[in-house]
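Data first, discussion second: the structure below is written as structure tokens.
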Amino acid sequence: MAFRKFPAVMIAMLLPAVLFLGATLPNLPLPGLQYDELYYVPPAAALLKQQYDTDYVKIDPSVVHLFGRPFPLMFNYYTSFLRTYVTLPVFALWGINVATVRGSSIALGTIALLFFIAFTRRLTGRLEVAAMTGVLLALDASFIAYTHNDYVAASLMMALKGAGLWALLRGWQEHENRWLYLGALLMGLGITDRASFLWLPFSLAPALLLVHGKALLPEVTQRLPQLKHWLFAALAFALGAAVFIAFNLATFGGTFSPMAGSFRHTTGGADNLDFFGNLYLRLQMLTDVFSGGYLSHAIAGEVAYQTTGWHFSGSPLSWLVPLSFCYFVAKALMRRMARLPVKRSMVFLLAMTVLLLLFTCFTPTLHRGHQLLMLYPFPHILVVLFVLEMLVRQRMIWRFSARTHERLWVAVLLVLMLAMARPIIDYHQLLQRTGGRGVWSDAIYAIVAEADQHPERTIVCMDWGFNANLLALTKPPVRTIRNYETTRRTPQQLAQLFDPTHVFLLHAPAYTYVGGAREDFFEAVEQARAQVDTLRVFHQREGQPVAYLVSVSKPHKEQ
């Protein structure tokens, strides 16, 4: 029997993977490799090039020194360099380039997809549900975009989440502690990777309580009967989260520093006390993400894009997810009122969807669409169960034969696949038409080529979106200076860099992120009565200038 099931299992796993790779691999260099996509690469480049004085982000005390080399651990207060060390062997073998950066992201996305399928099969006990969930994920335009571009390096988070959920569920179902320990380790690694992963264990605990009620403690003690089992589980979790724990102990809660002054007004501008306003925004944003068009706004150059209104066009997931959720909530309430049992798996799916959504209403930074990826794959499983239940109801009404029912199931799946393909096609057409705009522009490759041709220059990056790209992608050692946000210099300090060895890289005004640094630059030029010489203008595919490389020369008597 197991042997007969093997081909079906392979198809359930491989078909979504093939669809996913077919949707993510085209246009691999597009859009241009973006700063947030490359945040973890400069430390790897420094280790491989043995260039340890480069200006990638350093947060003390998050750098450890081993064998005379610095190994950074934290990129910022909520994101680590775990991804650096996961992909370091790939970069060591095949170099740092578009293929290895984007290829490793897509590989991690594929791993996440396969584990989501395996998790769904265990949770529901139905192979067809797992297979169809995999297809919906593989054709989810936002899942494709976020792994193709790996914006904020979300693919590792998704892989750790998928593997962790699968391991925990397998250990729970089979009463095998080794899988529970592995799941705890993966949960800890997820928290080390990014602090927002905390939302997952914070949601799992109350979700399990809702599923099991008073029987939860006996269920847990049955699986972890002795103190040593609890200690092993805690140790596995702590080992995975070691970097996160150590950093926050050393910095007295540095991860939460953006909310330290005021929980209400974070440094990113979010108002955490406006819960209902945030929830309303999140619900609208959820339809935006499921429609498949959310990330395309940023790629198209909308620097400060924020969701406004509801988005029920694009992918049918944008309306199928809320419809499925409302249907199963209503069904569960009606069964409760009739004193009928509700499937534990359904309670778990609904609880995880709600709890994760509620946790995303609180953030130390800003509300962004990538944070809603934490809900995956729970809404997709709900959609599949909803579609299958509607088909069963139709069969009962019209008394279809089993063969007709199977054909109808395949037809519905094909219609869904075709409808979900539209936003994917739109996404790739956007890439081909624009190459990305602003910090997403493929003009970054021309900027890197220019830096490669002139390794004698020190490039002063006058805006966010250049530094990590140059440190990651240039071949000879390149020297950069960051001059924006926390590293922003005064006009007088900038004037000291006006010499032939320094050049300045600025965005075009339409794509400037940190305008103050640009204003400081021209104020310094005016104060020094210096002359700005444009060395090169970098253009986007559509012809608009996106960046300028300039040098500054002082009057002859001041040189």
- Task: Give the residue that is surrounded by the most Cβ atoms within 10 Å (Cβ to Cβ), with candidates limited to residues of region 21-41 that are assigned to a loop (DSSP other than H, G, I, E, B) and of a type in the set (Ser, Thr, Tyr).
- Result: 40
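Residue by residue, here is whether (1) polar (S, T, N, Q); (2) within 25 Å of residue 295 (Cα to Cα); (3) outside the structural domain of residue 140 (by TED's automatic domain parsing) holds:
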| site | (1), (2), (3) |
| --- | --- |
| 426 | no, yes, no |
| 430 | no, yes, no |
| 457 | no, no, yes |
| 481 | no, no, yes |
| 496 | yes, no, yes |
| 499 | no, no, yes |
- Query: Just wondering, is there one or more residues in region 292-313 that are under 23 Å from residue 207 (Cβ atoms) and surrounded by 20 or more Cβ atoms within 10 Å (Cβ to Cβ)?
  - Reply: no
- Task: Please indicate, with yes or no, whether at least one residue in region 289-311 is of a type outside the set (Asp, Glu), at pLDDT below 85 and assigned by TED's automatic domain parsing to the domain that holds residue 80.
- Result: yes
- Item | Single residue of region 134-163 satisfying the filter (at positive phi and either touching a strand residue (DSSP E or B) at 6+ places or on another chain (Cβ under 9 Å) or in a helix (DSSP H, G or I) (or both)) that is surrounded by the most Cβ atoms within 10 Å (Cβ to Cβ) | 153
- First in region 26-52 and on the phi > 0 side of the Ramachandran plot, second anywhere and of a type in the set (A, V, I, L, M, F, W, C) and crowded, with 19+ Cβ neighbours inside 10 Å, Cβ under 7 Å, 6 or more apart: 27/431
- Message: I'd like to verify a number: residues in region 128-173 that are modelled with pLDDT of 95 or more and under 18 Å from residue 80 (Cβ atoms), how many?
- Response: 9
- For region 266-306, name all the residues that are in contact with a Leu (Cβ under 7 Å, 6 or more places away or on another chain) and either within 23 Å of residue 364 (Cα to Cα) or β-branched (Val, Ile, Thr) (or both). 268, 269, 270, 282, 285, 286, 289, 299
- Which residue pairs have Cβ atoms closer than 8 Å, lie 6 or more positions apart in sequence or on different chains, and pair a first residue in region 383-402 that is farther than 17 Å from residue 317 by Cα with a second residue that is modelled with pLDDT of 70 or more and crowded, with 17+ Cβ neighbours inside 10 Å? 391/409
- Return the only residue of 199, 179, 166, 172 being aromatic (Phe, Trp, Tyr), in the same structural domain as residue 98 (by TED's automatic domain parsing), touching a Lys or Arg at 6+ places or on another chain (Cβ under 6 Å) and part of a helix (DSSP H, G or I). 179
- Message: Just the residues that are assigned to a loop (DSSP other than H, G, I, E, B) and out of contact with any Ser or Thr (no Cβ under 7 Å at 6 or more places or on another chain), please, taken from region 298-315.
- Response: 301, 302, 303, 304, 305, 306, 307, 308, 309
- Query: Assuming residue 230 fulfils every condition listed in (1) touching a residue at least 12 places away in the same chain (Cβ under 8 Å); (2) surrounded by 13 or more Cβ atoms within 10 Å (Cβ to Cβ) apart from one, which condition is it?
  - Reply: (1)
- Message: Residue under question is residue 119, and the condition is that it be in the same structural domain as residue 179 (by TED's automatic domain parsing), in contact with a Gly (Cβ under 9 Å, 6 or more places away or on another chain) and not small (Gly, Ala, Ser); does it hold?
- Response: yes
- Task: From the list 52, 78, 35, pick out the single residue that is modelled with pLDDT under 95 and within 15 Å of residue 469 (Cα to Cα).
- Result: 35
- Query: Pick from region 123-133 the residues that are of a type outside the set (Asp, Glu) and over 14 Å from residue 378 (Cβ atoms): which of them is surrounded by the most Cβ atoms within 10 Å (Cβ to Cβ)?
  - Reply: 132
- Whichever residue in region 417-463 is out of contact with any helix residue (DSSP H, G or I) (no Cβ under 8 Å at 6 or more places or on another chain), of a type in the set (Asp, Glu) and in a helix (DSSP H, G or I) and, among such residues, is farthest from residue 474 (Cα to Cα): 450
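The values are calculated or read from the model by the stated rules, or taken from the named source; none is laboratory data. Please read these numbers as outputs of a predicted model, since none were measured by experiment. No Cβ is skipped: glycine too gets one built from the backbone with ideal geometry, and neighbour counts run over all protein chains shown.
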